[in-house]
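Working notes, structure below.
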Amino acid sequence: MSSFRSLLNKRQSAYGMIVTLKDPAVVEMLGYTGYDFAIIDMEHTTFDYGLVQHMIRAARCVDLLSIVRTGHNDYGAILRVLDAGADAIMVPHLTTREQAEMTVNAAKYRPLGTRGLDGSSRAAGYGSIPFQQHIRRQNGVVTVIGMIEDAAAVDNLKEIVGVKGLDLLFLGPADLAASLGYQEQFDHPVVIEVMKEVIRISREAGIGIGIPAFTAEDVNRYTEWGANFFTVPPIDTLLFSQTLASHIAGIKSASLKIQ
């Protein structure tokens with residue numbers, strides 16, 4: 001299994017979805033249908049660690065990269081999900097250089113960080129992988145992703161992107177727009193310009209950056225700005241609800257015509 005940053009180096013774009021439905025089958029379906037990654041969401045859900053580990057297993061079964069979005073500044077969660085075998089961690093509301101450094105420290109073993117050692121974890125093959133080999137592999141493949149979704153993060157972005165070991169960034173347009181004073185106005189000119197600036201600074205620093213997208217048109221627009229990985233559509237529940245609504249509306253409409 002390649003690191004997420006390696007995938008982006010080999011391809012023009014990568015596509016995934018945020019998973020909030022409590023079933024590893026959702027993760028499997030993403031792999032079978034051609035997605036590249038799943039973001040297993042522990043920020044806005046009630047997922048427990050046992051379920052998350054099963055979702056990571058499901059991702060591995062279908063050659064899908066597993067990214068776990070932890071809670072804000074939850075460094076204990078970073079350790080647990082990486083020991084469970086996650087390919088990457090995503091930290092929401094990354095706002096300062098110091099926070100970025102703490103996140104990298106939690107995700108990487110020495111000398112790159114201070115991640116707690118455990119040679120018996122699932123990531124270490126339950127002890128079957130030689131310990132030093134496990135450490136080298138984890139430091140080489142684990143990907144660290146920070147979410148930029150606050151005005152403070154934009155102000156500190158040039159310092160944040162300079163943190164060694166921070167591999168990728170991901171824009172959160174909803175929270176970012178609200179933080180800028182334009183709640184639910186994702187297409188406001190001020191919000192658009194800020195997002196473009198975030199992408200530009202990230203790419204100039206050699207850091208890949210992702211963003212939620214709904215359509216091919218969105219993907220093309222964001223690609224032109226410099227983004228290179230996308231959640232499309234952003235969340236599984238949103239896709240499911242929209243599909244159900246469209247389906248039942250069509251059924252009802254056709255039924256009325258028959259009557």
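The values are calculated or read from the model by the stated rules, or taken from the named source; none is laboratory data. Treat the numbers as computed from the prediction; the structure is a model and nothing was measured. Note: ideal-geometry Cβ built from the backbone for every residue, glycine included; neighbour counts use all protein chains shown. Only protein heavy atoms, including side chains, enter the accessible area calculation; ligands, DNA and RNA are left aside. Shrake-Rupley method; radii C 1.70, N 1.55, O 1.52, S 1.80 Å.
When the residues of the stretch 226-244 are filtered to those that are among the aliphatic types (A, V, I, L, M) and touching a strand residue (DSSP E or B) at 6+ places or on another chain (Cβ under 7 Å), which remaining residue is farthest from Phe4 (Cα to Cα)? Filtering the stretch 226-244 for residues that are among the aliphatic types (A, V, I, L, M) and touching a strand residue (DSSP E or B) at 6+ places or on another chain (Cβ under 7 Å), the one farthest from Phe4 (Cα to Cα) comes out as Leu239. Can you tell me which residue in the stretch 219-246 is nearest to Gly165 (Cα to Cα), limited to those that are part of a helix (DSSP H, G or I) and open to solvent by less than 30 Å² (accessible area, probe 1.4 Å)? Only one residue tops the list, namely Tyr222. Where strands (runs of 3 or more DSSP E) fall entirely within the stretch 60-169, those with at least 1 residues that are of a type in the set (S, T, N, Q) are at 65-69, 143-148.
For Glu184, the conditions (1) under 22 Å from the mean Cα position of the chain (by Cα); (2) outside any loop (DSSP other than H, G, I, E, B); (3) charged (D, E, K, R) all hold with the exception of (2).
Scanning the stretch 189-218 for residues that are within 17 Å of Tyr35 (Cβ to Cβ) and either open to solvent by 50 Å² or more (accessible area, probe 1.4 Å) or outside any strand (DSSP E or B) (or both) yields a count of 5.
All conditions but one from (1) under 30 Å from Thr215 (Cα atoms); (2) of a type in the set (D, E, K, R); (3) in contact (Cβ under 8 Å) with a residue 24 or more places away in the chain apply to Asp23; the one that does not is (3). Please go through the stretch 52-86 and pick out each residue that is open to solvent by 50 Å² or more (accessible area, probe 1.4 Å), under 17 Å from Val141 (Cα atoms) and not aliphatic (A, V, I, L, M). Arg57, Arg60, Asp63, Arg80 - these are the residues of the stretch 52-86 that are open to solvent by 50 Å² or more (accessible area, probe 1.4 Å), under 17 Å from Val141 (Cα atoms) and not aliphatic (A, V, I, L, M).
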